[in-house]
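Just below is one structure, and these are the notes that go with it.
The values are calculated or read from the model by the stated rules, or taken from the named source; none is laboratory data. Predicted model, so just to flag it, every value in this text is computed and none were measured. Cβ: placed from backbone, ideal geometry, glycine included. Neighbour counts: every protein chain shown.
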Amino acid sequence: MTTDKAPVCPHCGQEMKKWKVPLNSTWSHEFFYVCFNDDCSYFKEGWEQMWEKQHTKASYRCRYDPDTKKCMPLPVWSSEALKGDIIE
């Protein structure tokens, strides 16, 4: 998979969006691909999982790393969190 074409989320099948990594993060990448589908099962079920396991009102979105070609969780505190850093 190249960085030219956005991957699809393995949880909902929607095309992921290119997302700019914050400047002060410890990640060495400039961007990841993230599923911002609010109806994605991974995101929707994450709220309950995070409450049960961490007692935290948060969820996560599926994040794809183009270098490692792996998906990992990206924590979010609301449905609008991190959407301002989507690269169109």
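I'd like the full set of residues that are out of contact with any strand residue (DSSP E or B) (no Cβ under 9 Å at 6 or more places or on another chain) and either under 14 Å from residue 79 (Cβ atoms) or of a type in the set (D, E, K, R) (or both), limited to the stretch 8-47.
Once the filter is applied, which keeps residues that are out of contact with any strand residue (DSSP E or B) (no Cβ under 9 Å at 6 or more places or on another chain) and either under 14 Å from residue 79 (Cβ atoms) or of a type in the set (D, E, K, R) (or both), the stretch 8-47 yields 38, 39.
Would you confirm whether or not the stretch 65-83 contains a residue that is modelled with pLDDT of 95 or more, in a helix (DSSP H, G or I) and not polar (S, T, N, Q)?
yes
Considering the stretch 49-88 alone, what residues qualify as being under 14 Å from residue 27 (Cβ atoms), under 10 Å from the mean Cα position of the chain (by Cα) and touching a residue at least 60 places away in the same chain (Cβ under 8 Å)?
82
Run residue 44 past the list (1) of a type in the set (Lys, Arg); (2) loosely packed, with under 15 Cβ neighbours inside 10 Å; (3) more than 16 Å from residue 6 (Cα to Cα) and report the number of the one that doesn't hold.
(2)
Any residue in the stretch 12-27 that is farther than 13 Å from residue 86 by Cβ sitting within a Cβ distance under 9 Å of a residue that is exposed (fewer than 15 other Cβ atoms within 10 Å of the Cβ) and small (Gly, Ala, Ser)? List the pairs, counting only those 6 or more apart or interchain.
Qualifying pairs under 9 Å: 12/41.
Of all the residues that make up the stretch 22-41, how many are out of contact with any Cys (no Cβ under 8 Å at 6 or more places or on another chain) and buried (at least 16 other Cβ atoms within 10 Å of the Cβ)?
Qualifying residue count for the region: 4.
Which condition from (1) loosely packed, with under 15 Cβ neighbours inside 10 Å; (2) in contact with a Phe, Trp or Tyr (Cβ under 9 Å, 6 or more places away or on another chain); (3) farther than 13 Å from residue 9 by Cα; (4) of a type in the set (A, V, I, L, M, F, W, C) is the one that residue 58 breaks?
Going through the list (1) loosely packed, with under 15 Cβ neighbours inside 10 Å; (2) in contact with a Phe, Trp or Tyr (Cβ under 9 Å, 6 or more places away or on another chain); (3) farther than 13 Å from residue 9 by Cα; (4) of a type in the set (A, V, I, L, M, F, W, C), residue 58 breaks only (1).
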